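J.: Have a look at this one before I ask anything.
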Amino acid sequence: MVKKNLRTQFILAFALMLFGFGMVMQLRSQERVGERLEAQSDSDLVEIMDTLDHEVGAIREELGDANIQLAAFKDSESTNQELLEKAKAEIVELQQFASERKVVGPGIAIRIKDKQHLLTGFDLRQIVEEFRSLGAWAIAINGKRIDYRSNFYRKSGVVFLDGQKLKSDYRIEAIGEAKLLYKTITMARGIRDELNTLNGIHVRITRGETLELSAIKNRSKWQAAQNDSELQKR
Amino acid sequence: MIPILGLVTGIALGLILNIPVPALMARYLGIALLAALDSSFGGLRANLEESFNERLFIGGFLFNTIIAGLIVYLGDNLGIELYLAAVVAFGVRLFQNLAIIRRHFFKVHHWE
């Protein structure tokens, strides 16, 4: 019985020895892990802070650059927008001047009654040239716009404008400085006087009214001349 | 007395040998230690009650220790905190055994 009890105690002692051994190992490992974590956390923290500082600095720098770029972009955008608007306005003006766009504005209108068909294309061209020299922006005869390629000729007592017959009475409209146009046309020995010297021609001039001249229709294609790109194709 | 000497010897061996345990194994070793402690107190209790069975004790000691470690491993892989079940089960039994040992101790010394 004593022997068995002793053996039991030894077995228990062995079990407790294993337990004690394991316990110390566990305590040591926990201690070591804790120390390592503490050491790592300190050094890591410093490293992380350092890295974060660098990153914050870099981000701030990038942000500054981005702001500068944004400001420059906004400036250029507004400049570009202004230029674009200006270019559009110029295109519109050019189109108006080239008779490709309807024009509305003040001006004068000359109504010429020519029952005997005395006026020639040359006469009408002279009137048109007079308006042009006075800075008229848009000119039309009987509602037909005149552009830089317009031509007049007379055939069988009828005046043709760009190949289209002009019926008398003629109504010549010009948009521009109405006062200047009127004064010049009505001045002594001016166009009105010249026309009035011809028998059977009656001239009536009105000014200040708002005129509306439509865009040129059926523009003829280039025939005698070709543009540069067409020549290069050949 | 001899069991206490065994415990002291184990502690001394642990201090002297200073075998490192990988951090990953610490959890398994911890629960295995709990199982071993439970078995040891169970053995002490059985010894005091004079019902100690060597085979049962050794079998229980090894089995509980290994199974406890395996339960924790399984729980880790399944994503379930199964070690809590082992802690509760072994913890409850540990305190029960301790209570019985304490009562037996009091009874022997006529402190009740």
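J.: Which one is modelled with the highest pLDDT, of the residues in segment A:5-31 that are over 19 Å from B:S39 (Cα atoms) and more than 7 Å from chain B (Cβ to nearest Cβ)?
T.: Applying the filter and picking the extreme gives A:L27.
J.: A follow-up question, please. For the list (1) within 13 Å of another protein chain (Cβ to nearest Cβ); (2) surrounded by 13 or more Cβ atoms within 10 Å (Cβ to Cβ), I need the number of the one condition that B:Y73 fails.
T.: (1)
J.: Also, quick follow-up: Could you pull out every one of the strands (runs of 3 or more DSSP E) wholly within segment A:122-218 that has 1 or more residues that are at pLDDT below 85, open to solvent by 90 Å² or more (accessible area, probe 1.4 Å) and closer than 21 Å to A:V103 by Cα?
T.: Because the criterion is at least 1 residues that are at pLDDT below 85, open to solvent by 90 Å² or more (accessible area, probe 1.4 Å) and closer than 21 Å to A:V103 by Cα, the strands (runs of 3 or more DSSP E) in segment A:122-218 that meet it are A:201-213.
J.: Condition first: open to solvent by 90 Å² or more (accessible area, probe 1.4 Å) and away from chain B (no Cβ under 14 Å). Can you find one or more residues in segment A:64-71 that meet it?
T.: Among the residues of segment A:64-71, at least one is open to solvent by 90 Å² or more (accessible area, probe 1.4 Å) and away from chain B (no Cβ under 14 Å), which makes the answer yes.
J.: Select from segment B:10-32 the residues that are of a type in the set (A, V, I, L, M, F, W, C), open to solvent by less than 80 Å² (accessible area, probe 1.4 Å) and in a helix (DSSP H, G or I) and write down the one among them that is farthest from B:I67 (Cα to Cα).
T.: Checking each candidate, the answer is B:A12.
J.: Kindly indicate the residue of segment B:42-70 that is farther than 16 Å from A:F14 by Cβ and outside any helix (DSSP H, G or I) and also nearest to the other protein chains (Cβ to nearest Cβ) among those meeting that condition.
T.: Ranking the qualifying residues of segment B:42-70, first place goes to B:E50.
J.: Exactly one condition in (1) part of a helix (DSSP H, G or I); (2) open to solvent by 30 Å² or more (accessible area, probe 1.4 Å) is not met by B:S39; state its number.
T.: (2)
J.: Show the residue pairs that are 6+ apart or on different chains and have beta-carbon atoms under 6 Å apart, the first residue being within segment A:131-152 and touching a residue at least 12 places away in the same chain (Cβ under 8 Å), the second being among the charged types (D, E, K, R).
T.: A:A140/A:E173; A:N142/A:R171; A:S150/A:D162; A:F152/A:R125
The values are calculated or read from the model by the stated rules, or taken from the named source; none is laboratory data. On a predicted model such as this, the values are computed, not experimentally measured, just so you know. Note: ideal-geometry Cβ built from the backbone for every residue, glycine included; neighbour counts use all protein chains shown. Just the protein is used for accessible areas: all its heavy atoms, side chains included, with ligands, DNA and RNA removed. Shrake-Rupley method; radii C 1.70, N 1.55, O 1.52, S 1.80 Å.
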